[in-house]
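What follows draws every value from the coordinates through simple rules; no lab data is involved. In this text the structure is predicted, and so the values were computed from the model without any measurement. Virtual Cβ from ideal backbone geometry, glycine too; neighbours counted across all protein chains shown.
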Amino acid sequence: MNKFRLAGISGSLRQGSSNTAILRTLQASLPPEVEMTLLPLEGIPLYNQDLDGPNPPEAVREFKAAVESSDGVVMCSPEYNFGMPGVLKNAIDWASRPAFASPLKGKPVLVMTCSPAFTGGVRAQAQLRETLGGALSRVISRPQVVIAGVNAKIEGGRLTDPASLSFALEAVNDLLAEIGLLRAARTPAMQPAEG
Ligand code: FNR
């Protein structure tokens, strides 16, 4: 059976990040045929079109190659001032080029947000979905994973709230289903034998 290779991207650089903890918990809960690699955003410089092209900065090259070679992406992000954090927008901007042929074009992307607030980062999620639309990604359309009151749901660097975890895992299943559909669509249809 073909493995599923997912890339996890946290919108927070913070060491004790809830978003990174959620991704790590998902990573540890996936079945053996699914692997998820977390892509660090730390070393990615601010987007500069002068540096963009066939030989971008090394961290950007690595990031784009990892997105490109993945079957799908899981983004988990906080909300900063009612929007997505700059680090995440910056990384998306790099990965969105070249336009119409970028690593994000047609890529299945599952979006999740969380927040200590009861709004769960839903405004950042709306923004993220719109931006990924601009990058022509295949954003997974499903009931949104918005984890509110997250501080009470993380313990020891893991998402411990069973309802949130099972909802997030259902969303990952939807991402895998989308990847499966894309794989099937790429398989040439069988033709009846002649004669
Ligand atoms: C926040 N936070 C926040 N939360 C929210 O629900 N809506 C918001 O608009 C903001 N704005 C905001 C701005 C800035 C600059 C910071 C640093 C924080 C709180 C944020 O959700 C909280 O710090 C999360 O814990 C950040 O996610 P990580 O780092 O735990 O993954």
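Output the residues belonging to the stretch 10-39 that are among the polar types (S, T, N, Q), more than 14 Å from the chain's Cα centre (by Cα) and surrounded by 17 or more Cβ atoms within 10 Å (Cβ to Cβ).
Of everything in the stretch 10-39, those that are among the polar types (S, T, N, Q), more than 14 Å from the chain's Cα centre (by Cα) and surrounded by 17 or more Cβ atoms within 10 Å (Cβ to Cβ) turn out to be 17, 18, 25.
So for the stretch 150-171 (the condition being on the phi > 0 side of the Ramachandran plot and either in a loop (DSSP other than H, G, I, E, B) or within 16 Å of the ligand (Cβ to nearest atom) (or both)), does at least one residue qualify?
Among the residues of the stretch 150-171, at least one is on the phi > 0 side of the Ramachandran plot and either in a loop (DSSP other than H, G, I, E, B) or within 16 Å of the ligand (Cβ to nearest atom) (or both), which makes the answer yes.
Any residue in the stretch 150-172 that's surrounded by fewer than 16 Cβ atoms within 10 Å (Cβ to Cβ): show its pairings with residues that are assigned to a loop (DSSP other than H, G, I, E, B) and of a type outside the set (Gly, Ala, Ser) at Cβ separation under 6 Å, as long as the two are six or more apart or on different chains.
151/116
Can you name the number of the only condition in (1) within 14 Å of the ligand (Cβ to nearest atom); (2) under 21 Å from residue 176 (Cβ atoms) that residue 32 fails?
The failed condition is (1).
Taking the stretch 99-123, which residues are in a loop (DSSP other than H, G, I, E, B) and near the ligand (Cβ under 9 Å from one of its atoms)? Quick ask: steps written out before the conclusion?
Filtering the stretch 99-123 down to residues in a loop (DSSP other than H, G, I, E, B) leaves 99-107, 115-121.
If the condition is that a residue be in a loop (DSSP other than H, G, I, E, B) and near the ligand (Cβ under 9 Å from one of its atoms), then 115, 116, 117, 118, 119, 120, 121 are the ones that fit.
Just to be sure I understand, how many residues within the stretch 58-88 are touching a strand residue (DSSP E or B) at 6+ places or on another chain (Cβ under 8 Å) and farther than 25 Å from residue 164 by Cβ?
Qualifying residue count for the region: 4.
Is it the case, given these coordinates, that residue 104 is touching a residue at least 40 places away in the same chain (Cβ under 8 Å) and crowded, with 17+ Cβ neighbours inside 10 Å?
Details: touching a residue at least 40 places away in the same chain (Cβ under 8 Å): no; crowded, with 17+ Cβ neighbours inside 10 Å: yes.
No, not satisfied.
Scan the stretch 38-61 and tell me whether some residue there is under 27 Å from residue 182 (Cβ atoms), in a helix (DSSP H, G or I) and without any contact (Cβ under 8 Å) to a residue 40 or more places away in the chain.
Yes, some residue in the stretch 38-61 is under 27 Å from residue 182 (Cβ atoms), in a helix (DSSP H, G or I) and without any contact (Cβ under 8 Å) to a residue 40 or more places away in the chain.
Tell me, yes or no, whether the stretch 63-77 has at least one residue that is over 26 Å from residue 183 (Cα atoms) and within 16 Å of the ligand (Cβ to nearest atom).
yes
Would you say residue 115 is within 30 Å of residue 48 (Cβ to Cβ), of a type outside the set (A, V, I, L, M) and buried (at least 16 other Cβ atoms within 10 Å of the Cβ)?
no
Kindly check whether there is at least one residue in the stretch 42-62 that is within 18 Å of the chain's Cα centre (by Cα), more than 16 Å from the ligand (Cβ to nearest atom) and of a type in the set (S, T, N, Q).
No: zero hits.
Please determine, by comparing only the residues of the stretch 1-26 that are over 17 Å from residue 148 (Cβ atoms) and in a loop (DSSP other than H, G, I, E, B), which one is nearest to the ligand (Cβ to nearest atom).
Checked the stretch 1-26; the qualifying residue nearest to the ligand (Cβ to nearest atom) is 14.
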